[in-house]
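Participant: Structure below; questions to follow.
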Amino acid sequence: MSSNTFGKLLSVTTFGESHGPAIGCVIDGCPPGLALDAGEFRADLERRATGRSRHTSQRREADDIEILSGVYEGVTTGTPIALLIRNTDARSKDYGNILETFRPGHADYTYWQKYGVRDPRGGGRSSARETTMRVAAGVVAKKWLAERHGVTVQGHVSQIGEVVPRGFDASAIESSPFFWPDAGQVPELETYMDALRKSGDSVGARVTVIADNVPAGWGEPIYGKLDGELAAAMMSINAVKGVEIGDGFAAVAQRGSQHRDEMTADGFLSNHAGGILGGIASGQPVVVSVAFKPTSSILIPGRSVDRAGEATEVVTKGRHDPCVGIRAVPIVEAMLALVLMDQALRHRAQCGDVGAVPPRIPGTLQGASHD
Ligand code: EPS
C-alpha cells in the first residue's frame with residue numbers, strides 16, 4: 001500500500017491498523033533544537049480520543065506515546081522522529097458478522113476492490129484510529145509554529161446535523177463535549193445526540209479551524225498552493241467530504257465587490273479569502289472548514305452484498321461514533337499545522353533572504369468577519 005506519507009520538507013508517514021499491535025508515525029525534517037517530551041502529546045491525544053464522553057465510541061485506549069527516535073536529552077536532533085502507540089482495547093469479535101460483507105457507505109468495498117485482500121478488524125487501515133498519529137505529529141508542528149512564529153491553531157465544531165452555533169465564545173470550546181462555541185446550546189445538543197444514538201443512526205458535522213499570525217508569504221504557487229495542499233490534507237482525513245477555505249462555496253453567490261478583502265494600511269477590512277490569495281498566505285487568519293459525513297457504521301439495517309455477490313443486510317454493532325466530526329477538531333488542527341510547518345520550511349528554503357517586503361499590512365482589523 002503506497003501513499004502513507006505527506007509533506008515535502010516536513011514529511012509525515014503513518015502506519016498501523018486499528019486492531020493491529022500498534023500504530024505509529026515517522027516525522028522527518030523537523031529542525032533540531034525543539035524541546036520535546038512524551039508528556040506533551042497527552043492533551044491533544046485526549047481531545048481526540050474515544051471513550052471520553054458518551055457521545056463518542058466507547059473504545060478506551062490509553063494512547064500512551066513512546067518516542068523511539070529523533071529526540072536526545074529532551075530536544076529534537078534533526079533525525080526522524082518515530083512515535084509509537086500500542087493498541088490495547090481492540091475488540092475484533094465485534095466485526096465477526098461483517099467479515100464476509102461490506103458496510104454500505106464504508107471503505108470496506110473499495111479497499112477490497114483495490115487490494116483483493118483486507119484487514120476487516122475495526123476497518124484496518126481505513127479506521128479513524130489512524131488519525132491518532134496525525135494528531136501526535138501535529139503536536140510537534142503546533143509547538144514549532146508557536147515558538148518560531150507565534151502561530152496558533154484553534155478549531156471548533158461549527159455545525160452538527162442541522163444545528164449551528166447561535167453565539168461564539170472561544171472560551172466555551174474546550175470545556176464543551178462537542179467543541180462547541182456556545183455553552184448555552186450544550187444541553188440541546190446532548191438531547192439531540194442522545195436521541196440520535198438511541199435511534200441507531202449517525203449524523204454529519206462541520207469543523208472550522210483558524211490559524212492566527214501566519215506570516216504573509218507562506219505557500220507556493222502554482223502546484224504547491226497553500227490552499228491546494230490544505231484541501232488535499234483535509235480530504236485525506238477519514239469521513240471528510242468537503243473543504244472550504246474562507247467563504248468557500250458561499251463565494252459562488254457573491255459579487256466581486258463583496259468578496260474582495262479591501263486593504264488599508266491598518267489592516268484588511270474583511271477575510272472572505274480565508275487568509276490565502278493566489279495560494280500564498282496574506283497575513284490574515286487562515287480559515288478552513290471541513291465537512292464530515294455521517295459515520296457509516298450504524299445499527300440501522302442497510303442493504304449490501306456479500307463477497308459472493310449475494311444480497312444481504314448489514315447491521316454494524318460495536319463501539320462507533322454517532323458523529324465522528326465531534327472528535328475531529330484536533331485532527332483538522334493537526335493537518336493545518338503540519339501543512340503550515342512544511343510550507344514555512346519551504347518558504348525559508350527558497351525565500352528566506354527576501355524578508356518582509358513593505359507595505360506589510362497587519363492582519364484583519366478587529367471586528368472584521370472571519371466567516
Ligand atoms: C472506528 C471504529 C471504532 C472506533 C475507532 C474508529 O473502532 P472499534 O470498532 O475498534 O472500536 O472506536 O476509533 C478509534 C479507535 C480511535 O482511536 O479513533 C472507525 O471505523 O473508523
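Participant: Only one residue in Ile245, Ile160, Ile210 is over 28 Å from Gly279 (Cα atoms) and surrounded by 19 or more Cβ atoms within 10 Å (Cβ to Cβ). Which one?
Facilitator: After applying the criteria, what remains is Ile160.
Participant: So, in segment 93-112, exactly how many residues are of a type outside the set (A, V, I, L, M), more than 25 Å from the chain's Cα centre (by Cα) and either farther than 26 Å from Val240 by Cβ or outside any helix (DSSP H, G or I) (or both)?
Facilitator: Qualifying residue count for the region: 6.
Participant: Away from the ligand (no atom under 15 Å from the Cβ), surrounded by fewer than 23 Cβ atoms within 10 Å (Cβ to Cβ) and among the charged types (D, E, K, R): which single residue out of Glu262, Glu333 fits that description?
Facilitator: Glu262
Results for (1) touching a strand residue (DSSP E or B) at 6+ places or on another chain (Cβ under 9 Å); (2) modelled with pLDDT of 95 or more, shown as yes or no for each residue.
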residue: Ala38; (1), (2): yes, yes
residue: Arg48; (1), (2): no, yes
residue: Asp63; (1), (2): yes, yes
residue: Leu84; (1), (2): yes, yes
residue: Asp94; (1), (2): no, no
residue: Glu100; (1), (2): yes, no
residue: Gly105; (1), (2): yes, yes
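Participant: Let me ask another. Return the residues of segment 27-55 that are of a type outside the set (A, V, I, L, M) and away from the ligand (no atom under 16 Å from the Cβ); say none if nothing qualifies.
Facilitator: Asp28, Gly29, Cys30, Pro31, Pro32, Gly33, Asp37, Gly39, Glu40
Participant: Going through Ser296, Ser289 one at a time, which residue ends up being among the polar types (S, T, N, Q), within 20 Å of the chain's Cα centre (by Cα) and within 16 Å of the ligand (Cβ to nearest atom)?
Facilitator: Only one candidate qualifies: Ser296.
Participant: Need a quick list: helices (runs of 4 or more DSSP H) entirely within segment 181-300 having at least 1 residues that are under 29 Å from Arg103 (Cβ atoms).
Facilitator: 186-199, 226-235
Participant: So which of Ala146, Ala107 is without any contact (Cβ under 8 Å) to a residue 40 or more places away in the chain and within 10 Å of the ligand (Cβ to nearest atom)?
Facilitator: Residue meeting the stated conditions: Ala107.
The values are calculated or read from the model by the stated rules, or taken from the named source; none is laboratory data. Owing to the predicted nature of the structure, the values given are computational and were not obtained by experimental measurement. Glycine gets a Cβ as well: all are built from the backbone with ideal geometry, and neighbour counts include every protein chain shown.
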